[in-house]
Amino acid sequence: MTSGWSGPDGGQDAPDGGYPQPGYPGSGPGYGPGYPGSGYYGPPQLPRHPDALTALVLGIVGVVALPLTGPFAWWLGNRARNDIAANRGRWSGEDMAKAGFVLGIIGTVFCAFFVVGLLLFFVVAVGAATS
């Protein structure tokens, strides 16, 4: 099969029977979408909301290690979700903000259990010390 394309040596077809390979003419920038090196990477992406990732990280930390960060994750996640909803088309990261919000609620519940447990411990310790 002859493709009509001549390679760098002047008369050879492309190595695969007619399709230009990278490094051959017709395969670099400026040859349209679908060709290697065309520079087309899909539609532009919206910037992520600045608090979305922070809420997610604080929520994960609040559930896994330090429950005191749970209320902050809840607050930041809620604020980021409201900003994203109010400004459709400006921010992305709604899923991260929602996950941070939910993990913040769970971390806050853990924080409440921690505080109640700490109070019970002190009440029992003081009661045992006085009797």
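Listed values, structure above:
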read-out	value
Label point distance in nm, Leu118-Tyr41, each placed 7 Å from Cα along Cα→Cβ	4.6 nm
Ala125-Arg79 FRET efficiency (beta carbon distance; Förster radius 30 Å; 0.05 resolution)	0.15
Charge sum, other residues only, whose C-beta stays under 13 Å from Ile105's C-beta, Lys/Arg counted +1 and Asp/Glu -1	+2
Relative compactness, the stretch 87-128, computed as alpha-carbon Rg over 2.2 N^0.38 Å	2.01
Under-5 Å amide H pairs with Ser92, H placed in peptide plane, nonlocal only	Arg48, His49
DSSP-loop trypsin sites (Lys or Arg not before Pro) across the stretch 75-127, with at most 12 other Cβ within 10 angstrom	Arg88, Arg90
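Just so you know, all these numbers are worked out from the coordinates, no wet-lab data involved. What you see is a predicted model; the values in this text were computed from it and never measured. All Cβ positions, glycine included, derive from the backbone under ideal geometry; neighbour counts span all protein chains shown.
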